[in-house]
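Data first, discussion second: the structure below is written as structure tokens.
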Amino acid sequence: MEGQGDNTFLEVDRDEEVVQVEAHVSGDSADVSISCSDATGLGCDIARVIFNFGLTVYNGDFSTDGRWCFVMLHVRPCFGSPPCAKNWNLLKKHLLRFCSSEKTLKSSAGPIGHKKFILQIQFQDQIGTLHNIIHCLWEADLVVHKANISTSPDNKGMDMFYVSDNLDKLPKQSRINQIEEMLAKRIHSDLKVTCIAYPYSRLSKNASPRLLTGTKDCKDSRSSLPMMRTLSNRERNGSRRSSVSSQEGFDILPRFNVAEIFQSLKVNADNLVSPTQTVIHIECPDRKGLLYDLFRITKDIGLQISYSKISLDMKLCRADLFVHEAEHHQKLTDEMIEFVCAEIKHAITSSIPVKVQNRHDAGSSTAVLQTEVVALAPVDSGFRGRPRVLYDLTATLNQLGVSIFHAEMYAVELSGDGREQDKRYQEVHRFVIQDSNGKSIGSNGDLEVIENELYSRLIGSGAGPRESSKPQFANLLNLLDYGIL
């Protein structure tokens, strides 16, 4: 790993550590080493934590002997990452939740399912408040599974977050008070926080089509798109992948044309290197969440990774994955290779479609024009939403000086053949936005700028706004070009 000669050790007793985080003298990067019990999907859980902290992996090695997993990563914050990205002790704490030692493995009673609660926050709204709340909830170790954000005509915010508590302290009043104090320090407004348990009956019945995302780790979950069954289904009905339900109106969302951005994308397989493993070679420009998406899709389709090596050089990511089909422990056939390569390409290039558009509110007798932002994100095998989407969306809108009048976050079921094991889900983020005068965004050029900036922040690979399409209102003049992260 690069730079290992100039490290300041955060942990002294290395022999007993399952997770070690060694910060470099500058404090701007760190080496992460993990030695723990292995499970299919553990790589996705680890990559998820790294991504959730706003970190990029510059070099990485994952290996397993079938029972024990060994991981070495060199990480640095992405551009625009929150200050907590370099809180290395907090990073270690989060990684330890997924990584079991020999001792904890023997004493473990199985995965813990966190209860869900409705956290209601009332406050005086202003531009940027929602983003500050999202940041506070993350710092408080809460996971948002669904959200409904609204603003009254007198500018009062009434936000409802459906959350689980990683510390398992809700609904204790002391925990609610702690969250309220953290929020008050950041948003500088009179506020009130209340918390009630989310009815278990509603979780089990799934009465609403707008679902809560889950809490299960990938290592404790079944693959959501197992390769053998998917290939069998494709032969039966000719369908590769379910589309988003048209009743939600998402079929109008275009996939971004990323052919130019990812023109150097290469994904191929080699069955000659190893007698028991298929080697998948991947080469593409780096972007935010790339490692997470690679490990997420391998878990989704039922691949087990025996060894992987990741390197980042001049914004070009190279990855070699030694894999086999997890259920039958076999090398990949030609048909499997075609399927795997297609799924990996899809995961790299099509993670988050986003659209900004003006539309008439069908529920209004005066057909008021409103500006709507819709972003879609994949749900992993543990039914968890993609990290940082809500954070990045609100951060970008805040930086652009755009106010959020209404927002929702929830999961929806994708259309399929009706069988429970073949159901697919996606996370939806909807925003109704306004300019600083409380009006919709009227200019097509302004809509394009906002869309480009949102996509650039989410994926880290946008082309950035063109000079000719800069908005006319003042708060949008100082735009950020995020580039490829």
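Just so you know, all these numbers are worked out from the coordinates, no wet-lab data involved. Predicted model only: the values in this text are computed from it and were never measured. Every residue, glycine among them, receives a Cβ derived from its backbone with ideal geometry; neighbour counts consider all protein chains shown.
Taking K and R as +1 and D and E as -1, what net charge do the other residues with C-beta under 12 Å from the C-beta of SER152 add up to?
The answer is -2.
With a sphere of radius 11 Å drawn around the Cβ of ASP141, what net charge do the other residues whose Cβ falls strictly inside it have (Lys, Arg +1; Asp, Glu -1)?
Residues near ASP141 contribute +1 overall.
Can you compute the modelled spin-label distance between ASP141 and HIS406, with each label point 7 Å from Cα toward Cβ, in nm?
Calculated label separation equals 3.6 nm.
Taking amide hydrogens as modeled 1.01 Å from N in the peptide plane, which residues meet the under 5 Å criterion relative to ARG424, leaving out close sequence neighbours?
Under 5 Å from the amide H of ARG424 lie the amide H atoms of LEU414, each far enough along the sequence or on another chain.
Evaluate the distance, in nm, between pseudo-label points positioned 7 Å from the Cα of ASN268 and of ASN155 along their respective Cα→Cβ axes.
Label-label distance for ASN268 and ASN155, simple model: 6.1 nm.
On a C-alpha basis, how far is the centre of the range 149-201 from the centre of the range 280-299 in Å? Whole number, if you could?
Result: 35 Å between the Cα centres.
On a 20 Å Cα-Cα criterion, which of the cross-link pairs LYS86/LYS116; LYS288/LYS345; LYS92/LYS219 come out too long?
LYS86/LYS116
Just subtract the alpha-carbon distance of HIS346 and ASP190 from 0.36 nm times their residue separation and send over the number in nm, one decimal.
51.6 nm
Quick one: net charge of PRO387's neighbours, Cβ under 13 Å, K/R +1, D/E -1?
It works out to a net charge of +1.
Per residue of the range 47-62, what does 6.51 cos²θ - 1.76 cosθ + 1.60 with θ = phi - 60° give for ³J(HN,Hα)? Whole Hz please, x for Gly and Pro, Karplus curve as stated.
4, 5, 5, 4, 5, 5, 8, x, 10, 10, 8, 8, 8, x, 9, 10
Per-residue HN-Hα couplings for the range 387-395, Karplus 6.51 cos²θ - 1.76 cosθ + 1.60 at θ = phi - 60°, whole Hz, x for Gly and Pro?
Couplings: x, 6, 5, 4, 4, 5, 4, 5, 5 Hz.
Between SER63 and ASN87, what is the label-to-label distance in nm when each label sits 7 Å out along the Cα-to-Cβ direction?
3.4 nm
Which of ARG175, ARG222 has the fewest other C-beta atoms within 10 Å, and how do the rest follow up to the most?
So the residues, fewest neighbours to most, are ARG222, ARG175.
Any chance you could run the full-extension gain for ASP313 through THR276? It's 0.36 nm times the residue separation minus the Cα-Cα distance, nm to one decimal.
Computed gain between ASP313 and THR276 is 10.4 nm.
Calculate, for GLU283 and ILE127, the FRET efficiency according to 1/(1 + (r/R0)^6) with r their C-beta to C-beta distance and R0 45 Å; round to the nearest 0.05.
0.65
Taking loop as defined by DSSP and a crowding limit of 15 other beta carbons within 10 Å, which trypsin sites (Lys or Arg not before Pro) in the range 44-96 fit?
Answer in residue order: ARG67.
Cα convex hull of the range 257-349: mean projected area in nm², to one decimal?
Taking a quarter of the hull surface, the average projection is 5.9 nm².
Near LYS156, which lysines are there with a Cα under 25 Å away, not counting those fewer than 8 places off in the same chain?
Straight-distance partners of LYS156: LYS146, LYS185, LYS192, LYS439.
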